[in-house]
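Here's the structure we're looking at; comments come further down.
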Amino acid sequence: MRFEPTAEQAEFAHSLGELMVRADSVTVARRWAEGDTAPGKALWSRLADQGVCALIVAEDDGGLGGTDADLAMAFETLGYHLAVGPWIESAAYLATALTGPELEAVAAGEMATLSVAELAPYCDAAGVSDHVFCVTDEGLHRGETTGTPLHSVDTTRLLSSLSPTQPLTSGDLDLAANRAVLAASAHLLGAGERLLSDAVEYVKQRRQFGREIGSYQAIKHQLADARIALDFARPLVWGAALHLDALNASAAKLSAQRAAYLTARTALQVHGAIGYTAEYDLGLWFARVRALSSTWGTDLWHQQRVLKHVSSQ
């Protein structure tokens, strides 16, 4: 089986990418991290107008009725261009878990976020979202922030703890969780692709001892290892998108986060000292990879889930 996007999916992803380039999504991310969320909310609205929030919402609920493959394509693009805001929470989890007026609000582009016990215990962007939810062992609730804001290695993630308030009727929470894991996997894949692209461009320009550093075999081997890791992760992400269940979602997340982290470390190494500076954009993607590798299920959590499913066969 060939895992390739359709022409419509590729065109949709391309249009999202062009929108984010025109909006200068990196500058938007820096301002978001500094507390100026207005440009980020404006970009959210523009992406919502393109249908990202409504992508997998049924047409009867005001959505586009898209597939998990559509979701994966969109989130790879969001990861490549460093989208800020609770996209995984809103367009993947809540677009599946909510029902009624709350679902219609999310599909219409209102910013919504949540925390999910065990998978994503801290809520992103609660202070700037229109709707805040909390998932506990008892189910889906409206939520409210508790305590002081928390710090993430990814400064674009505005984290806080939540406590449940009003219980709500929910859709399939297991499917919602798997879709969020799929979205995180695709986001990591996109971030890894961007890191590799930037690293390749850098080694073509950086000269040392009279030649481009990309001409050295050691550098070529490192970049080739990153390329192979991403290429091996992609079929697992697409496999999960085409047949989404717990096993495939966890396998995709494990592969994507490891490939993205390897690529991030390689990109940082080939950039040298400049890669460690806060002013250089590379660090924004590196931090995103670090943060997403431990949310929506840690490496150990997904290993255990894969082992549980394989052992039961």
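The values are calculated or read from the model by the stated rules, or taken from the named source; none is laboratory data. Everything quoted here is computed from the prediction, not taken from an experiment. Don't worry about glycine lacking a Cβ; one is built from the backbone with ideal geometry, like all the others, and counts go over all protein chains shown. In case anyone asks, the SASA skips ligands and DNA or RNA and just uses the protein heavy atoms, side chains included. Shrake-Rupley method; radii C 1.70, N 1.55, O 1.52, S 1.80 Å.
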- Message: Please check: in the Gaussian network model of the chain (C-alpha springs, under 10 Å), which one of Glu110, Glu212, Glu144 has the largest mean-square fluctuation.
- Response: Glu212
- For the charge dipole of the chain, defined by +1 on Lys and Arg C-beta atoms and -1 on Asp and Glu C-beta atoms about the Cα centroid, which residue among Leu47, Ser197, Ala58 has the Cα displaced farthest towards the positive pole? Ser197
- Normalised by the residues of the range 161-313, what does the relative contact order come to in percent, with Cα pairs under 8 Å and at least six apart? 31 percent
- Note on the structure: Here, GluC sites (Glu not before Pro) of the range 1-35 satisfying both criteria (DSSP loop; at most 15 other Cβ within 10 Å) are Glu34
- Query: Excluding Glu102 itself, what net charge comes from residues whose Cβ is under 12 Å from its Cβ, given Lys and Arg +1 and Asp and Glu -1?
  - Reply: -3
- Work out the length of the dipole vector of the chain about its Cα centre, built from +1 on the beta-carbon of each Lys and Arg and -1 on the beta-carbon of each Asp and Glu, and round it to the nearest 20 debye. 1560 debye
- Message: With angles folded into 0 to 90 degrees, how steeply does helix 246-271 sit against the dominant principal axis of the chain? Use alpha carbons for both and round to 10.
- Response: 40 degrees
- Task: Net charge near Arg194: determine it from the other residues with C-beta under 12 Å of the C-beta of Arg194, scoring Lys and Arg +1 and Asp and Glu -1.
- Result: -4
- Message: Taking the 0 to 90 degree range and rounding to the nearest ten, how far is the long axis of helix 299-311 tilted relative to the main principal axis of the chain, both from C-alpha atoms?
- Response: 70 degrees
- Quick one: which residues, 5+ away or cross-chain, put their amide H under 5 Å from the amide H of Ala120? H built at 1.01 Å from N. Trp296
- Message: If you fit an axis through the alpha-carbon atoms of helix 38-49 and take the longest principal axis of the Cα set of the chain, what angle between them do you get, 0 to 90°, nearest 10?
- Response: 70 degrees
- Gaussian network model of the chain, Cα within-10 Å springs - most flexible of Leu236, Leu300, Leu223: Leu300
- Query: On the accessible surface of the chain, probed at 1.4 Å, how many percent belong to carbon and sulfur atoms?
  - Reply: 53 percent
- Evaluate the relative contact order of the range 55-124 (contact order divided by residue number), counting alpha-carbon pairs under 8 angstrom at least 6 apart; express in whole percent. 30 percent
- Query: Relative contact order for the chain using alpha-carbon pairs under 8 Å, separation at least 6, rounded to a whole percent?
  - Reply: 17 percent
- Determine the per residue accessible area of the range 115-221 with all protein chains present and a 1.4 angstrom probe, expressed in square angstrom. 48 Å²
- Starting at the first residue of the range 273-288, write each ³J(HN,Hα) from the Karplus equation 6.51 cos²θ - 1.76 cosθ + 1.60 with θ = phi - 60°, in whole Hz, x for Gly and Pro. 4, 5, x, 8, 7, 5, 6, 8, 5, 3, x, 5, 6, 4, 5, 4
- Message: Under 19 Å between alpha carbons, and skipping anything fewer than 8 positions from Lys308 in its own chain: which lysines qualify?
- Response: Lys253
- Message: For a quick check: with amide H placed at 1.01 Å from N, whose amide H comes under 5 Å from Ser152's, ignoring anything fewer than 5 positions away on the same chain?
- Response: Leu159
- Message: Using the Kirkwood radius over C-alpha pairs as Rh, can you work out the diffusion coefficient of the chain via Stokes-Einstein at 20 °C, viscosity 1.002 mPa s, in µm² per second?
- Response: 109 µm²/s
- Item | Per DSSP, loop trypsin sites (Lys or Arg not before Pro) in the range 202-308 with at most 16 further Cβ within 10 Å | Arg206
- Student exercise, the range 1-133 dipole from Lys, Arg, Asp, Glu Cβ charges, in Debye to nearest 20: 480 debye
- Mean-square fluctuation maximum in Gaussian network of the chain, Cα pairs under 10 Å, restricted to Ala199, Ala256, Ala95, hits Ala199
